[in-house]
Amino acid sequence: MTTDQILSDYITFGDDIHDDAAPSGPIEKRWDERKFSAKLVNPANRRKLSVIIVGSGLAGASAAATLGEAGYHVKNFCYQDSPRRAHSIAAQGGINAAKNYRNDGDSIYRLFYDTVKGGDFRSRESNVYRLAQVSVNIIDQCVAQGVPFAREYGGLLDNRSFGGVQVSRTFYARGQTGQQLLIGAYQALERQIGLGTVEMNTRHEMLEIIMVDGRARGVVVRDMITGEIETHTADAVVLATGGYGNVFFLSTNAMGCNVTATWRAHRKGAYFANPCYTQIHPTCIPVSGDYQSKLTLMSESLRNDGRIWVPKKAGDDRHASDIPEDERDYYLERIYPSFGNLVPRDIASRAAKYQCDAGKGVGPGGLGVYLDFADAIERMGRDTVEAKYGNLFDMYAQITGEDPYTEPMRIYPAVHYTMGGLWVDYDLQSNLTGLFVAGEANFSDHGANRLGASALMQGLADGYFVLPYTIANYLADGPFEKIDDSHPAVVEARQAVEERVQTLLSIDGKRTVDSFHKELGHIMWDYCGMERTEEGLVKAIQLIRDLKAEFWSNVKVTGVNEELNQTLERAGRVADFFELGELMCIDALNRRESCGGHFRAESQTEDGEALRHDDEFAYVAAWEFGGDKPVLHKEPLEYEYVEMKARSYK
Ligand SMILES: Cc1cc2nc3c(=O)[nH]c(=O)nc-3n(C[C@H](O)[C@H](O)[C@H](O)COP(=O)(O)OP(=O)(O)OC[C@H]3O[C@@H](n4cnc5c(N)ncnc54)[C@H](O)[C@@H]3O)c2cc1C
């Protein structure tokens with residue numbers, strides 16, 4: 001069978017789409033113009049308008065606090081027992097902003113350029129430029145909230161570097177940047193909860209979206225303590241529900257991270273964009289056994305001072321300290337002298353894989369490379385290294401039982417972030433009217449590879465600075481017709497959730513939910529992980545379909561609905577992961593090029609670098625739900641400001 005025949009078995013080809021909300025004109029004026037052209041809602045009218053926000057991470061909490069402060073009535077949902085526990089709390093290394101405090105040549109334009117290039121020319125210029133512009137406001141906002149960013153001796157905010165850039169623009173709070181930023185957003189949110197503008201619903205999982213006359217008007221949620229199924233309606237809905245890396249079972253994401261909210265919206269018509277773009281982070285603690293349910297990130301910030309190396313000789317199993325300097329290969333410094341250890345994540349991950357594939361990996365199973373601080377300790381002294389990275393070193397020591405001050409860390413790539421997500425326009429509105437998507441849950445700004453420290457930037461840009469304007473523009477046409485619980489669309493959505501819960505509980509099969517999830521994760525990692533091929537992806541799609549069929553006839557969900565039931569929660573999430581996993585493989589099959597985190601073995605340069613095919617694939621792949629044969633809509637990408645060329649970090 002030819003490739004075209006294979007593709008036609010899996011894909012229905014639909015019409016091209018365009019981002020109609022994107023302004024034109026000089027790029028530096030586009031956001032100002034959009035803000036000016038956006039309709040406003042006067043303060044008295046805001047009190048009559050309501051917004052549902054699902055998610056209380058950096059994107060959701062910042063949006064809820066800001067819209068609450070503006071005077072809208074906000075209902076916020078999260079599945080944790082406190083908004084303070086959203087997964088954003090795990091972020092370690094930092095947040096980018098084009099402040100140029102170091103006077104090292106940074107600018108809004110350079111952050112824009114680095115991000116477009118870092119994303120391997122698969123993101124929208126207008127969105128990325130806005131992100132770079134807004135980045136400078138984020139830092140001011142967070143400092144005003146009291147976020148304790150690291151400071152230099154003189155008292156000024158300190159910066160460090162992250163991958164894919166040659167300036168220092170990353171603001172940080174030791175290795176706990178996400179936690180400190182989230183506390184800032186959480187305080188702002190709590191203030192609004194206290195004032196009564198935001199109604200917080202913790203321990204509520206959104207399981208369906210309510211569409212009325214073509215508009216998103218509400219959600220169906222399950223109270224995770226009592227099992228009660230509730231419906232909530234509003235004038236607009238925002239999903240800020242994070243990424244879907246846990247489709248791989250093992251990832252650096254929190255155990256609860258899932259795709260359910262966005263997938264349910266997808267099933268109701270929202271396009272899912274670029275699902276195959278997964279970020280595999282180069283510096284994680286290697287897998288150590290079958291019993292693991294989670295992997296641990298060692299922040300990219302460590303690559304500012306740590307040096308990555310493997311033994312020059314394959315199969316060299318001497319202890320690191322017994323391998324003399326001239327028998328070590330600092331391969332990133334050798335291959336990419338301009339960026340060295342700070343090449344972007346996709347490149348560093350593949351390079352580590354190549355070293356391990358060549359038999360030079362270290363540690364059990366040969367799936368590891370060294371991240372070594374000996375030089376840094378000699379240069380700066382142990383105290384300075386400890387002050388900069390102490391909590392990360394402690395974490396490493398606790399997990400591995402090894403002391404990273406005296407021997408190099410062992411690291412290996414692991415699934416970390418998902419660049420794909422629900423398709424949104426410049427206003428962050430999905431193709432479903434009234435449904436907005438923010439943070440990692442949307443696909444918008446990172447193209448095929450996200451640069452380090454830019455997810456926090458994007459989440460806060462969306463929540464504090466973009467949505468308040470673009471949602472107002474939408475709500476200016478409201479309030480919309482009041483919807484009550486007896487509306488047929490509400491009743492239907494609620495019934496769908498109840499039936500699904502009952503179906504899961506009634507299967508009463510023999511296999512645990514986790515065993516299915518683990519098997520799915522293995523399929524995804526083996527065939528849709530760091531390297532993908534046509535043959536492997538076709539195989540994976542069939543394996544996933546078979547496993548999904550078995551799941552629906554043989555899964556065992558213990559307990560009942562009317563109580564806290566984590567098995568039931570996980571079963572619903574894994575059911576959605578099956579469908580997502582299948583779409584990821586179809587998207588990867590369709591994209592017969594390599595770009596960023598998506599590496600098709602058939603499309604590489606002679607020295608193993610990703611080979612893009614701009615003539616055929618310079619588009620966003622926006623998928624419409626279509627069961628076994630999803631519909632592909634292409635949004636062509638145009639570059640007016642940054643020249644599309646082969647990405648080089650040499
Ligand atoms: C270990 C680690 C370290 C990282 N370090 C950095 C870093 O240093 N710098 C950086 O820029 N990025 C970093 N990232 C990435 C960054 O942390 C995330 O991309 C970002 O925090 C996501 O924020 P968010 O608000 O979009 O989603 P999240 O913080 O994941 O929040 C999702 C919210 O949605 C809710 N939710 C989800 N589904 C449902 C549902 N169905 N019903 C109800 N509620 C739901 C959750 O309860 C939660 O409140 C890191 C990621 C990891 C895993």
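Every number here is computed from the coordinates shown, using simple stated rules; none is lab data. Quantities reported herein were computed from a predicted structural model and do not represent experimental measurements. All Cβ positions, glycine included, derive from the backbone under ideal geometry; neighbour counts span all protein chains shown.
Once backbone amide H atoms are built at 1.01 Å from N, Y72 has no partners under 5 Å, excluding neighbours fewer than 5 places away on the same chain. Inter-label distance, D614 to D403: 5.3 nm, where each label sits 7 Å from its Cα along the C-beta direction.
Report, to the nearest 10°, how far helix 177-195 tilts away from the longest principal axis of the Cα atoms in the chain, using its own Cα long axis and a range of 0 to 90°. It is inclined by approximately 20 degrees.
Couplings 3J(HN,Hα) for segment 592-605, derived from phi with the Karplus relation 6.51 cos²θ - 1.76 cosθ + 1.60 (θ = phi - 60°), are 8, 8, 10, 8, x, x, 9, 10, 8, 4, 6, 10, 9, 7 Hz, where x marks Gly and Pro. From least to most packed, judged by other beta carbons within 10 angstrom and beginning with the fewest, M644, M224, M419 follow the order M644, M224, M419. Separation of segment 585-628 from segment 298-374 is 27 Å, based on Cα centroids. Computed on the chain, with alpha-carbon pairs under 8 angstrom and 6+ residues apart, the relative contact order is 22 percent. Calculate the FRET efficiency for Y641 and N42 from the Cβ-Cβ distance with a Förster distance of 35 Å, rounded to the nearest 0.05. Once the sixth-power term is evaluated, E becomes 0.45.
Quotient of the Cα radius of gyration of segment 1-114 and 2.2 N^0.38 Å, N being its number of residues: 1.59. Axis angle, to the nearest 10 degrees, between helix 566-590 and the longest C-alpha principal axis of the chain: 70 degrees. Arranged from fewest to most other beta-carbon atoms within 10 Å of their beta carbon, M584, M211 become M211, M584. Ranking P404, F339, V310 by how far each Cα lies toward the positive end of the dipole of segment 281-416 (charges on Cβ) leaves F339 at the top. Annotation: extensible slack from T503 through D484 equals 4.2 nm (criterion: 0.36 nm per residue apart, minus Cα-Cα distance). Computed from the C-beta positions of D16 and Q566 and an R0 of 41 Å, the FRET efficiency is 0.45 to the nearest 0.05.
The HN-Hα couplings worked out from phi for segment 360-368 by the Karplus form 6.51 cos²θ - 1.76 cosθ + 1.60 (θ = phi - 60°) are 9, x, 10, x, x, x, x, 9, x Hz, whole numbers, x standing for Gly and Pro.
Beyond 27 Å in Cα-Cα separation lie the following of the pairs K539/K629; K117/K548; K539/K634: K117/K548. Near the amide H of N201, within less than 5 Å, lie the amide hydrogens of N76, F77, C78, all on another chain or at least 5 residues away, with H placed in the peptide plane. Of the chymotrypsin sites (Phe, Trp or Tyr not before Pro) in segment 255-318, the ones in a loop by DSSP (not H, G, I, E or B) with at most 15 other beta carbons within 10 Å are Y291. A simple spin-label model places pseudo-atoms 7 Å from Cα toward Cβ; at K313 and R191 they are separated by 6.4 nm. Can you find, among N561, V287, G581, the residue farthest towards the positive end of the dipole of the chain? Put +1 on the C-beta of Lys and Arg, -1 on that of Asp and Glu. With unit charges placed on the Cβ atoms, the residue in question is N561.
A rounded overall shape is assigned to segment 281-416, the ratio a/c of its alpha-carbon gyration tensor axes (a ≥ b ≥ c) being less than 1.5. Could you tell me the center-to-center distance, by alpha carbons, between segment 418-468 and segment 154-205 in angstrom? First find each Cα centre; the distance between them is then 17 Å.
Only Cα pairs under 8 Å and 6+ residues apart enter the sum, and on that basis the relative contact order of segment 281-416 stands at 35 percent. In whole angstrom, how far apart do the alpha carbon centroids of segment 259-279 and segment 490-565 sit? If we compute the Cα centre of each part, the gap is 16 Å. More than 19 angstrom separation, counting every C-alpha pair in segment 272-341; what % is that? In whole percent, the share of Cα-Cα pairs in segment 272-341 beyond 19 Å is 55. Rounded to the nearest 20 debye, the dipole size of the chain about its Cα centre is 1060 debye, using +1 on the Cβ of Lys and Arg and -1 on the Cβ of Asp and Glu. Residues whose amide H falls under 5 Å from that of A273, counting only those 5 or more places apart or on a different chain, are G421, L422, W423, W623, with hydrogens built in the peptide plane. Contact order for segment 501-650, expressed relative to its length and based on alpha carbon pairs under 8 Å spaced 6+ residues apart, stands at 22 percent. Annotation for segment 287-386: trypsin sites (Lys or Arg not before Pro) lying in DSSP loop with at most 15 further Cβ atoms inside 10 Å of their Cβ are K294, K312, K313, R318. Note: the chain, Cα convex hull, 152 Å³ per residue. The per residue volume of the convex hull around the alpha-carbon atoms of segment 544-586 is 56 Å³.
In plain terms, if you count all Cα to Cα distances in segment 221-270 and split them into 10 Å steps from zero, the share in each step is 20, 44, 32, 4 percent. All alpha carbon pair distances within segment 291-332 were sorted into 10 Å bins beginning at 0; the resulting P(r) in whole percents reads 22, 37, 34, 7.
Sorting V310, V497 by the number of Cβ atoms found within 10 Å of their own Cβ, with the fewest placed first, yields V497, V310. For segment 317-329, putting each phi into the Karplus relation 6.51 cos²θ - 1.76 cosθ + 1.60 with θ = phi - 60° gives couplings of 9, 5, 4, 3, 5, 8, 9, x, 3, 6, 10, 10, 10 Hz, in residue order, rounded to whole numbers and with x for Gly and Pro. Shown here for segment 138-227: GluC sites (Glu not before Pro) in loop regions (DSSP other than H, G, I, E, B) with at most 13 other Cβ atoms within 10 Å, namely E152.
Placing +1 on each Lys and Arg Cβ and -1 on each Asp and Glu Cβ, with no other charges, gives segment 281-416 a dipole about its Cα centre of roughly 480 debye. Summing charges over neighbours of N449, with a neighbour being any other residue whose Cβ is under 10 Å away from its Cβ, gives +3 when K and R count +1 and D and E count -1.
Here's the picture: charge each Lys and Arg Cβ at +1 and each Asp and Glu Cβ at -1 in the chain, and of T2, S50, V642 the one pushed furthest to the positive end of that dipole is S50. So what's the angle, to the nearest 10 degrees on a 0 to 90 scale, between helix 488-506 and the longest Cα principal axis of the chain? Rounded to the nearest ten degrees, it is 50.
With a cut-off of 18 Å on the backbone N, the residues of segment 86-113 near the modelled label site 7 Å out from V143 along Cα-Cβ are 94-108.
Around V167, with a cut-off of 12 angstrom between Cβ atoms, what is the net charge of the other residues, counting Lys and Arg +1 and Asp and Glu -1? Around V167, the charge tally is +2.
How fast does segment 24-81 diffuse by Stokes-Einstein, in µm²/s, taking the Kirkwood radius from C-alpha pairs at 4 °C and 1.567 mPa s? In µm²/s, the coefficient is 98. The slack between M380 and E492, meaning 0.36 nm per residue of separation minus the straight C-alpha distance, is 33.9 nm.
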